[in-house]
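The values are calculated or read from the model by the stated rules, or taken from the named source; none is laboratory data. It should be emphasised that the depicted structure is a prediction, and the values quoted were computed from it without experimental measurement. Note that we place each Cβ from the backbone using ideal geometry, even for glycine, and neighbour counts take in every protein chain shown.
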Amino acid sequence: MKFILFTLTLASAQELPTTALILDLDAAKGVTRQEENKVIAWKNQVATSPAKEFVLQDKGRKEPGSGRPSLRQNIVALNNHPSLVFRQQELVCVDEDTFDSLTTGKGHTWLALIAVHEQRLGLKDVNSFFGNLRNGGKYEGVWGCLNDDNTLWWGTRNGQTFGRFDPNNPKAVGPKLESNKFYLIAGRMAAGKGTVKLELFVNDSKPVDTADFPVNPKANPSRMAVGQERDAIEHPGHESFDGEIARFLIWDRPLVDAELQNAMSALQKKYLTP
């Protein structure tokens, strides 16, 4: 009996939590391409989520189709799994409301398997690989970013003040990431109505940094994007990152420590363990 219980525990530790999972973008599934492996749509693998897919956004671009990332396949460093390569490009989910609650009290957890490239000129130290900041106003929402030298950070904005970084717009800062190397990174925001904790993780379930965030239940973030911090139609690509995304997941709740550790272990075993 002890042997059976141990086997079941080991198996469960290799699975991703499904409760409150609202987004699973997997470069091996649901990718629609045009010529030369250019991606025009990336389907969410969570069938019950209202956010069905992330699509090409041409509005605001001088060259139609220039916002399309590319599919890169059979990557040795990912155990022959694929990734999407972004070069100041993005895919946007046109659903307006699914991701609003991430920063307004429910809390959330995100996990991303990414590699960074050298960042090109745009808004200084804002090279985003995902986000749902609102266009206009005080830009409430969540965003995951890199400085120009590829130092990792992520933050949240509650719509109370406009400042890039202040008590209403904090960020947690990670290490400088090595170019062309895949990392498993995660962010977790606690649930609550007052001031809650933000945590940033890199290749491990122990946080590399934390920050405090005053929740505003009345904040109204906007569309989620990958490769960009929002649906930035007035200057697309200006705040986008150069790099690759192989997997991206969001739960609209904070995973408990054991769940987060299991999820990171499962992804590391699948993608990063030889």
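Odds and ends about this structure:
- Subset tally (residues that are crowded, with 20+ Cβ neighbours inside 10 Å and of a type in the set (A, V, I, L, M, F, W, C)) for the range 74-90: 4
- Criterion violated by Lys193 - all others in (1) in contact (Cβ under 8 Å) with a residue 24 or more places away in the chain; (2) charged (D, E, K, R); (3) under 16 Å from Thr109 (Cβ atoms) satisfied: (3)
- Filter result (in contact with a strand residue (DSSP E or B) (Cβ under 6 Å, 6 or more places away or on another chain) and assigned to a loop (DSSP other than H, G, I, E, B)) within the range 228-244: Gln228, Glu229, Arg230, Asp231, Glu239, Phe241
- Residue within the range 77-99 that is at pLDDT below 95 and over 18 Å from the mean Cα position of the chain (by Cα) present: no
- Just so you know, in the range 126-140 the residues that are more than 10 Å from Ser222 (Cα to Cα) and hydrophobic (A, V, I, L, M, F, W, C) include one that is nearest to the chain's Cα centre (by Cα), and it is Phe130.
- The range 158-172, residues that are at negative phi and surrounded by 17 or more Cβ atoms within 10 Å (Cβ to Cβ): Asn158, Asn168, Asn169, Pro170, Lys171, Ala172
- Some residue of the range 253-267 being assigned to a strand (DSSP E or B), in contact (Cβ under 8 Å) with a residue 12 or more places away in the chain and either β-branched (Val, Ile, Thr) or under 24 Å from Glu96 (Cβ atoms) (or both): no
- Test: residue in the range 37-47 that is modelled with pLDDT under 95, loosely packed, with under 15 Cβ neighbours inside 10 Å and of a type outside the set (Asp, Glu): no
- Residue check, Val85 more than 23 Å from Ser222 (Cα to Cα) and in contact with an Asp or Glu (Cβ under 6 Å, 6 or more places away or on another chain): yes
- Members of the range 229-252 found to be buried (at least 24 other Cβ atoms within 10 Å of the Cβ), closer than 19 Å to Thr103 by Cα and touching a His at 6+ places or on another chain (Cβ under 9 Å), listed by number: Ile250, Trp251
- All strands (runs of 3 or more DSSP E) inside the range 54-124 with 3 or more residues being touching a Gly at 6+ places or on another chain (Cβ under 6 Å) and not hydroxyl-bearing (Ser, Thr, Tyr): 108-116
- Residue within the range 150-166 that is among the basic types (Lys, Arg) and under 27 Å from Ala20 (Cα atoms) present: yes
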